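The values are calculated or read from the model by the stated rules, or taken from the named source; none is laboratory data. The structure displayed is predicted, hence computed values, not measured ones. Note: ideal-geometry Cβ built from the backbone for every residue, glycine included; neighbour counts use all protein chains shown. We work out accessible area using only protein heavy atoms, side chains counted, and drop any ligands, DNA or RNA first. Shrake-Rupley method; radii C 1.70, N 1.55, O 1.52, S 1.80 Å.
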Amino acid sequence: DTAVSQTPKYLVTQMGNDKSIKCEQNLGHDTMYWYKQDSKKFLKIMFSYNNKELIINETVPNRFSPKSPDKAHLNLHINSLELGDSAVYFCASSQDEATSRGYTFGSGTRLTVV
Amino acid sequence: AQSVTQLDSQVPVFEEAPVELRCNYSSSVSVYLFWYVQYPNQGLQLLLKYLSGSTLVKGINGFEAEFNKSQTSFHLRKPSVHISDTAEYFCAVSKEYGNKLVFGAGTILRVKS
């Protein structure tokens, strides 16, 4: 009964390819996020959606495009992958936009671009 | 904007010893503060949070943290650690009523027997 599940867990791909990471939550939460954790373990927010609407869009290359078909899903599509995109990508959800309730994180997708 | 500094990248400690992981934040407005733990190959899990009220906050697994507004700190403590506490710990901040969590760089806690 995974609360926030991401697929795939590992992704190895060549530069220039297009790939997607999927995220689903079964908690009934309204808000979902994508965070990127780089090689130095810095966690940076990329996007957040509340009830399928884009709320936060940090300074992220437009090669990254989030898509939320419904409030339980937030997928991340990456075009023309570059070496610098290698990182662990975490999906998270929260009951609403308020940080006060805390986030529930998925176990991450380790993307390696070669 | 808010930011977080975790002063130690790694903290080695022997089992049953006390530990303190340090966190300082920067903000011009009131904040919420959080500690998350990440076990190997897992996502982050909320340990505890400070929103308002008592400055001493107790969390899961015997951890506690104290909010110190004058020192802009939110250090995490445990009086006696176990091997199973070995993990990476992240401090995070958001502005009060905010919608974005900003994380520190993490502190790896290594508990040795």
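With θ taken as phi - 60° and the Karplus curve 6.51 cos²θ - 1.76 cosθ + 1.60 applied, the whole-hertz 3J(HN,Hα) list for region A:23-30 is 9, 9, 10, 10, 9, x, 6, 8 Hz, x standing for glycine and proline. Restriction of the trypsin sites (Lys or Arg not before Pro) in region B:1-88 to DSSP coil positions whose beta-carbon has at most 11 other beta-carbons within 10 angstrom yields B:Lys69. Going Cα to Cα from A:Lys41, which aspartates and glutamates come in below 12 Å? Please leave out same-chain ones fewer than 8 positions away. Filter leaves B:Glu88. Counting only DSSP beta bridges with both residues in chain B, the antiparallel share comes to about 90 percent. Expressed in Å, the radius of gyration and Dmax of the Cα atoms of the protein assembly as shown are 17.6, 52. Remark on B:Leu44: its backbone amide H falls under 5 Å from those of A:Phe105, a criterion applied only to residues 5 or more positions apart or on other chains, H modelled at 1.01 Å from N. Spatially close Lys pairs in chain B, defined by Cα atoms under 25 Å apart and a spacing of eight or more places or different chains, total 14. In sequence order, region B:9-16 has phi-based couplings of 7, 9, 10, x, 8, 7, 4, 6 Hz under the Karplus curve 6.51 cos²θ - 1.76 cosθ + 1.60, θ = phi - 60°, and Gly or Pro positions carry x.
For the chain pair A and B, the buried solvent-accessible surface (1.4 Å probe, both sides summed) amounts to about 1700 Å². In terms of modelled amide H atoms, which long-range or inter-chain residues lie less than 5 Å from the amide H of A:Ser86? Answer set, sorted by chain and number: A:Val113. Computed from backbone phi with θ = phi - 60° and the Karplus coefficients 6.51, -1.76 and 1.60, the 3J(HN,Hα) list for region A:68-73 is 10, x, 7, 6, 8, 10 Hz; x is used for glycine and proline.
Counting, for every residue in A:47-56, the Cβ atoms of other protein chains within 10 Å of its Cβ and taking the mean gives 1. For a straight C-alpha distance cut-off of 12 angstrom, the aspartates and glutamates reachable from A:Lys36 (same-chain residues fewer than eight places away being disregarded) are A:Glu58, A:Asp85. For region A:58-114, the list of trypsin sites (Lys or Arg not before Pro) that fall in a loop by DSSP and count at most 16 other C-beta atoms within 10 angstrom reads A:Arg63.
Sorted largest first by accessible area at a 1.4 angstrom probe radius, with every protein chain in place, the residues B:Glu16, A:Glu58 fall in the order B:Glu16, A:Glu58.
Within a straight-line Cα-Cα reach of under 16 Å, A:Lys52 can be paired with the following lysines, leaving aside sequence neighbours fewer than 8 residues apart in one chain: A:Lys22, A:Lys67, A:Lys71.
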